[in-house]
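S.K.: Let me give you the structure first, and then I'll get to my questions.
What follows is calculated from the coordinates using simple rules that are stated; it is not laboratory data. Because the structure is a prediction, the values reported are computed rather than measured. Neighbour counts run over all protein chains shown; Cβ positions are idealised from the backbone, glycine included.
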Amino acid sequence: MNRFSFEILGRDKETNARLGLIRTRRGDIETPYLVPVATLGSVRALGSDDLASLGVQCTLANTYHLHLKPGDELIKRLGGLHRFMGFAGPLFTDSGGFQAFSLGFGREHNISKIGNIFPQELSRVGAGQEGIQDEVDCRVEDSERSLCEPSEEDENLDSIDPGEIYKLNYRRDYGENSKEGRERSGKVAKKGPKIVKKENLTRITDDGISFKSMADGAWHFLNAEKSMKIQSNLDSDIIMAFDECTSPLSDYEYTKKAMLRTHDWADQSIRYHDKDQAIYGIIQGGWFEDLRNISTEFIASQSFDGIAIGGSLGNSKQDMHQVLDWTLPKLDDRPRHLLGIGEIDDIFECVARGVDTFDCVSPTRIARRGSLFLSPESGGSLQNKFHINIKSARFKSDELPLDPNCSCPTCRTYSRAYLRHLYVCGELTYFRLATLHNLHFMLRFMEDLRESIRAGTFLELKNKWLRTI
Ligand SMILES: [Zn+2]
C-alpha cells in the first residue's frame with residue numbers, strides 16, 4: 001500500500017479555498033502549497049540541506065530528464081532519487097507527458113504553457129519587457145535548458161542561466177569591441193521573447209511519445225508503462241499518470257484526440273504503476289468546455305489518489321479561471337494539483353477555487369534572472385508583480401535588505417547594493433542568495449495563505465496583496 005491520504009482540515013467560508021494535509025510515506029505536506037521544482041533532482045543553485053533549512057516540504061522532479069541524465073536505472077541502483085539528491089521529504093515526479101508539449105509543439109512554435117498561453121498578457125505588457133521572458137520560461141526551462149548538452153558558455157559558467165550575465169561577462173572577458181566579444185554578446189544578448197521556430201523534437205501516436213534528444217540526436221520512446229517504470233525506479237512518492245499536454249494553439253479536433261489518448265494512457269498508468277506510489281490522474285481538454293467536462297468526469301471516475309489539472313488553460317488569466325470553474329466544482333475531496341502555475345495573483349485565484357498544490361519553476365528561475373520578490377509592506381504590488389529587478393542602477397548604493405520585511409538568510413545579511421554587485425559581476429554566489437530569498441519568500445507566502453484559511457481571513461489577505469478593494 002502506498003500509505004497516502006488527504007485530509008481537509010478547514011474550508012474558507014467565503015470561497016472554495018481549503019486547508020489540507022497530504023500524508024505520504026515520506027512525510028506530510030500542508031496545503032495549499034507551491035511545490036518547488038527540482039527538474040534534474042536539484043532546485044537550481046541550492047543544495048538539499050538548503051531546502052531542509054528553508055523548511056521545503058516536498059519537491060517535484062522531472063521523469064523524462066532524469067531518465068536521460070543520469071538515467072533512472074542508475075538512480076535506482078544508487079538507492080532512489082531521495083538518497084541520490086539527499087532529500088528526505090516527499091517527492092513528486094511528473095510523467096514526461098509535459099515534454100510532449102514543451103519539446104514538441106511548444107518548441108516548434110516557441111510558446112510555453114504559461115507565457116504565450118496567455119497571449120493577451122503578452123501583448124498587454126509588450127514584447128521585450130522584463131518579466132515576460134520569465135513567464136515564457138516558466139515551464140520551458142526543462143526543454144530549453146536542462147535537456148541541452150551544456151553549451152560552451154554553460155560549461156564556462158557552470159551551467160548557470162544565459163542572458164544578461166553572460167553578455168556582461170563576454171564584454172568583460174573579451175572586450176566589448178573585440179570581434180569575439182561582439183559575436184558572443186550578440187549571440188546571447190537577445191531581449192524579450194524569441195519568436196523563432198525550432199525543430200519539433202517529438203512524434204506522438206496512440207502508442208506513446210518519441211522524443212529526440214538534443215544531446216545526441218537519438219530518439220527515446222515513452223509510453224504509460226515506461227513512464228510508470230521510470231517513476232518507480234526514481235522511487236518518488238507522488239507520481240503523475242502519462243498524458244499528452246496540448247498547446248493553446250491546438251484546435252478542437254486535435255485537443256479532443258489528445259484528450260482521448262490521455263484517457264487511454266490514464267487507464268494504462270493505473271494498471272502499470274508501482275502500487276507503493278500514490279498516483280495523480282491529469283485532466284486535459286484544453287480550453288474547450290465540453291472536452292474539459294468529459295475529461296474531468298473520466299479522470300475523476302478512476303481510482304487515482306489525486307487529480308491534476310494540466311494542458312492549455314486558454315489565452316488569458318480569465319480563461320484559466322474559466323477552465324478551473326468548469327473543472328474544480330465537479331471534483332470530489334481528493335487533492336488537486338495545478339501543473340505549472342506559480343504567480344502570486346494566480347495562486348490566490350486558484351486557491352480560492354479549491355486548488356491544493358501547484359508547481360512552477362518561476363520563483364527560482366526569475367531569481368536567477370534578477371527578479372526578486374518584494375512583499376506588499378516593502379512596495380510589492382500587482383503592478384510590479386511583487387518583484388524588484390536587482391540589476392537596476394538605483395540599487396547601486398542601496399544599503400537596505402532586498403525586502404526589509406523578509407527574514408531569509410539573504411535579507412538578514414546582505415544589502416541590495418551587494419546583491420546587485422554580485423549580479424552584475426556574474427558571481428555564482430548571487431544565484432544561491434537570490435534563490436534562497438525567492439524560495440523563502442514563496443514558502444512564507446504559502447504559510448500565510450494557509451494561516452488565513454485557518455483564521456477565516458483568506459479574502460482579507462488576498463485584498464491586502466492584490467488590493468482588489
Ligand atoms: Zn529575503
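S.K.: Hey, if you drop one equal point scatterer on each alpha-carbon of the stretch 253-320 and run the Debye formula without solvent, what base-10 log of I(q)/I(0) do you get at q = 0.19, 0.20, 0.24, 0.25 Å⁻¹?
M.R.: With no solvent term, the Cα-only Debye profile gives -0.71, -0.77, -1.01, -1.07.
S.K.: What is the packing order of peptides 282-289, 269-276, 76-83, taking the mean over residues of other C-beta atoms within 10 Å and listing the highest first? All intermediate terms of the calculation are to be shown ahead of the outcome.
M.R.: Values: 282-289: 25.2, 269-276: 17.1, 76-83: 15.1.
Per-residue Cβ counts within 10 Å, averaged per peptide and sorted highest first, yield 282-289, 269-276, 76-83.
S.K.: Here is a further query. Counting only DSSP beta bridges with both residues in the stretch 1-102, what percent are antiparallel, rounded to the nearest 5?
M.R.: The antiparallel proportion sits near 75 percent.
S.K.: Still on this structure, please answer the following. Starting with the fewest neighbours, write out R25, R11 ranked by other beta-carbon atoms found within 10 Å of each beta-carbon.
M.R.: Listing R25, R11 from fewest to most nearby Cβ atoms yields R25, R11.
S.K.: May I pose another question? Amide H neighbours of Y33 under 5 Å, at least 5 residues apart or on other chains, H built in the peptide plane: list them.
M.R.: When sequence neighbours closer than 5 places are left aside, the close amide H contacts are T357, F358.
S.K.: Convert 10 °C to kelvin, take the viscosity as 1.306 mPa s, use the Kirkwood radius over C-alpha pairs of the stretch 367-466 as Rh, and evaluate the Stokes-Einstein diffusion coefficient in µm²/s, rounded to a whole number.
M.R.: Translational diffusion coefficient: 114 µm²/s.
S.K.: So for C425, C350, fewest C-beta neighbours within 10 Å to most, what's the order?
M.R.: Starting with the residue having the fewest Cβ neighbours, the order is C425, C350.
S.K.: Something else: From the phi of every residue in the stretch 30-44, what ³J(HN,Hα) in whole Hz does the Karplus formula 6.51 cos²θ - 1.76 cosθ + 1.60 yield, where θ is phi - 60° and glycine or proline is x?
M.R.: After applying 6.51 cos²θ - 1.76 cosθ + 1.60, I find 7, 10, x, 8, 9, 7, x, 9, 10, 3, 9, x, 8, 6, 3 Hz.
S.K.: To continue, here is another question. Grab the Cα-Cα distance for L9 and Q383, subtract it from 0.36 nm times how many residues apart they are, and report the gain in nm with one decimal.
M.R.: 131.3 nm
S.K.: Where does each of F348, F458 land when they are ranked from fewest to most other beta-carbon atoms within 10 angstrom? Can you show the working numbers first?
M.R.: On the way: F348 23, F458 26.
So the residues, fewest neighbours to most, are F348, F458.
S.K.: Another one. Using the Cα centre of the stretch 22-93 as the reference point, and only Cβ charges (+1 on K/R, -1 on D/E), how large is the resulting charge dipole? Debye, rounded to the nearest 20.
M.R.: Using Cβ point charges on Lys, Arg, Asp and Glu, the stretch 22-93 gives about 240 debye.
S.K.: Another question about this same structure. Considering the zone a paramagnetic label at R25 would reach in this model (a point 7 Å from Cα along the Cα-to-Cβ line), which residues of the stretch 277-301 have amide N under 20 Å from it?
M.R.: Only 277-281 pass the distance filter.
S.K.: Would you mind getting me the FRET efficiency between S53 and S415? Use the beta-carbon distance for r and R0 = 22 Å, nearest 0.05.
M.R.: It comes out at approximately 0.50.
S.K.: Okay, next question. Need the full-extension length gain, D251 to D325, defined as separation in residues times 0.36 nm minus the C-alpha distance. One decimal, nm.
M.R.: Computed gain between D251 and D325 is 24.5 nm.
S.K.: How high is the relative contact order of the stretch 367-466, in percent, with contacts defined as C-alpha pairs under 8 Å that are six or more residues apart?
M.R.: 28 percent
S.K.: Treat the stretch 32-93 as a sphere of radius equal to its Kirkwood radius over Cα pairs and apply Stokes-Einstein at 25 °C in a medium of 0.890 mPa s; give the translational diffusion coefficient in µm²/s, rounded to a whole number.
M.R.: 210 µm²/s
S.K.: So what J values fall out for the stretch 365-380 if you push phi through Karplus, 6.51 cos²θ - 1.76 cosθ + 1.60 with θ = phi - 60°, rounded to Hz, Gly and Pro as x?
M.R.: With coefficients 6.51, -1.76 and 1.60, one gets 5, 5, 4, 5, 8, x, 9, 10, 5, 9, 6, x, 4, 9, x, x Hz.
S.K.: Mind listing the phi-derived Karplus ³J(HN,Hα) values for the stretch 6-22, rounded to whole Hz, using 6.51, -1.76 and 1.60 with θ = phi - 60°, and x for any glycine or proline?
M.R.: 9, 10, 8, 8, x, 10, 5, 7, 9, 9, 9, 4, 9, 9, x, 9, 8
S.K.: Next question. A308's amide H: which non-local residues (gap 5+, or another chain) put their own amide H closer than 5 Å, with H modeled 1.01 Å from N in plane and none for Pro or chain starts?
M.R.: Correct list: G281, I282, I283, H337.
S.K.: Between the stretch 198-231 and the stretch 235-267, how many Å separate their Cα centres?
M.R.: 14 Å
S.K.: With both bridge residues required to lie in the stretch 203-331, what share of the DSSP beta bridges run antiparallel, to the nearest 5%?
M.R.: Once the DSSP bridges in the stretch 203-331 are tallied, antiparallel ones form about 50 percent.
S.K.: Something else now. Search the structure for amide H atoms under 5 Å from the amide H of F386, placed 1.01 Å from N in the peptide plane, and list their residues when 5 or more places away or on another chain.
M.R.: For F386, the qualifying residues are S381.
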